[in-house]
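These notes concern the structure reproduced below.
The values are calculated or read from the model by the stated rules, or taken from the named source; none is laboratory data. The structure displayed is predicted, hence computed values, not measured ones. Every residue, glycine as well, gets a Cβ built from its backbone with ideal geometry; the counts of neighbours run over all protein chains shown. In case anyone asks, the SASA skips ligands and DNA or RNA and just uses the protein heavy atoms, side chains included. Shrake-Rupley method; radii C 1.70, N 1.55, O 1.52, S 1.80 Å.
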Amino acid sequence: MRKVWLGVSVGLGVSFSFVALLVVGTYMVAANLVGGAGGRAVGLAKGAVPASYEPLIQRYGNTCPAINPALLAAQLYQESGWNAKAQSPANAKGIAQFIPATWASHGVDGNKDGVKDIWDPQDAIPSAAAYDCSLAKYVKDVPGNQTHNMLASYNAGAYAVIKYGGVPPYRETQNYVKTITTLAKSFEAPVQKVQPSRQSAGAIYFAQKQLGKPYLWGGNGTPEQGGRFDCSGLTKAAYKTVGIDLPRVANDQWNAGPHPKRNELLPGDLVFFAYDLDDPRSIHHVGIYVGGGYMINAPYTGAVIRFDKIDSPDYIGATRVTQDGAKALPRANSA
């Protein structure tokens, strides 16, 4: 949600043909933005994780072949939402949500200060990586994908993975493996162009129909609110029309898919703006990219839903929303 906006409106008189031409024109070259050989990068996308944790995740995310920095980031985000003081009803503690018994056997003194502190990310993040790698070692002789087997061991225990010769047939475990591997894509720095979204045109069409409506802080577009929206209410509603359920808050929508570069943006990408470009938790505004350097957005109180330029000093990046990416998001963080 955004209080201050530096973009320039291009007016309410812009017709739908403007959007249509941008969408069609951009998708005519979409084939050139996809393809190429090679696997995905194991590095982190710019601004994907809070800057204070990035060196730790980048370093310890390469502890063993079963993990990478993006996967480690996905686990930490899923566990705590980057909250180093998080504590669950099951007594799981810290950014990595270790229970005391597991910490006692797998906690490490990452910062070499003589103390293994479950609350200190400098200890907890390397401990999470070490624990993952220990699990991977336990199941190294099990057939199948070593990362999937490691994640399944994290959720169901190494014995279950060994017993079933891979990811066990437990719905919770299979969902966990899919969730973390999907969520990891939103932290990766891709080595090839990001695939276009098939649902984006429908989301843009919905957003275009809202042009001219007055902004409403906390607006979800309900009849009681006169069909009015704030920034993340608009993006959530737009993607809801194409069957994708996004979280309510802008900074939670950031991890709903991979992050295309500025020169790879396509209509339908969500574009984000933050107070601190090194910390996605400081995201305060989101819009829907329509091409040509413009977005549709609900800017601030006193303004109307309109077209604005995306290039401003607080632009942090974009997300190409996917259905699996949206489903993988931890909902507890979007209250």
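For F187, F206, give me the order by solvent-accessible area with a 1.4 Å probe, most accessible first, ignoring ligands, DNA and RNA.
F206, F187
Considering only protein heavy atoms and a 1.4 Å probe, what is the carbon-and-sulfur percentage of the accessible area of region 146-247?
C and S fraction of accessible area: 50 percent.
Is region 43-142 rounded, prolate or oblate when judged by the Cα gyration tensor, a ≥ b ≥ c being the square roots of its eigenvalues, rounded requiring a/c under 1.5 and prolate requiring a/b larger than b/c?
rounded
When ligands, DNA and RNA are left out and all protein chains stay put, how many square angstrom of accessible area per residue does region 128-236 have with a 1.4 Å probe?
48
How much FRET efficiency would the formula 1/(1 + (r/R0)^6) give for S105 and Y205, where r is the Cβ-Cβ distance and R0 is 45 Å, rounded to 0.05?
That gives a FRET efficiency of 0.25.
If you count, for each residue, the other Cβ atoms within 10 Å and average over each peptide, how do 134-141, 119-126, 251-258 line up from highest to lowest?
The peptides rank, most packed first, as 251-258, 119-126, 134-141.
How many nm separate the modelled label positions at N62 and S134, each set 7 Å beyond the Cα in the direction of the Cβ?
Placing both labels 7 Å along Cα→Cβ, they lie 2.4 nm apart.
Percent of accessible area on region 262-335 owned by carbon and sulfur, 1.4 Å probe?
Ligands and nucleic acids excluded, carbon and sulfur give 49 percent.
In nm, to one decimal, how far is the modelled label at R171 from the one at Q87, with both set 7 Å along Cα→Cβ?
That separation, rounded to one decimal, is 3.3 nm.
Calculate the dipole size of region 92-233 relative to its Cα centre from +1 charges on Lys and Arg beta carbons and -1 charges on Asp and Glu beta carbons; express the result in debye to the nearest 20.
Dipole of region 92-233, to the nearest 20 debye: 640 debye.
Kindly identify region 94-209 as rounded, prolate or oblate by the Cα gyration tensor criterion: order the square roots of the eigenvalues as a ≥ b ≥ c, call it rounded if a/c is under 1.5, otherwise compare a/b with b/c, prolate if a/b is larger, else oblate.
Oblate is the answer for region 94-209, as a/c is 1.5 or above yet b/c matches or exceeds a/b.
Leaving out same-chain residues fewer than 8 places away, which lysines sit with a Cα under 22 Å from that of K209?
Qualifying lysines at Cα under 22 Å: K236, K240, K309.
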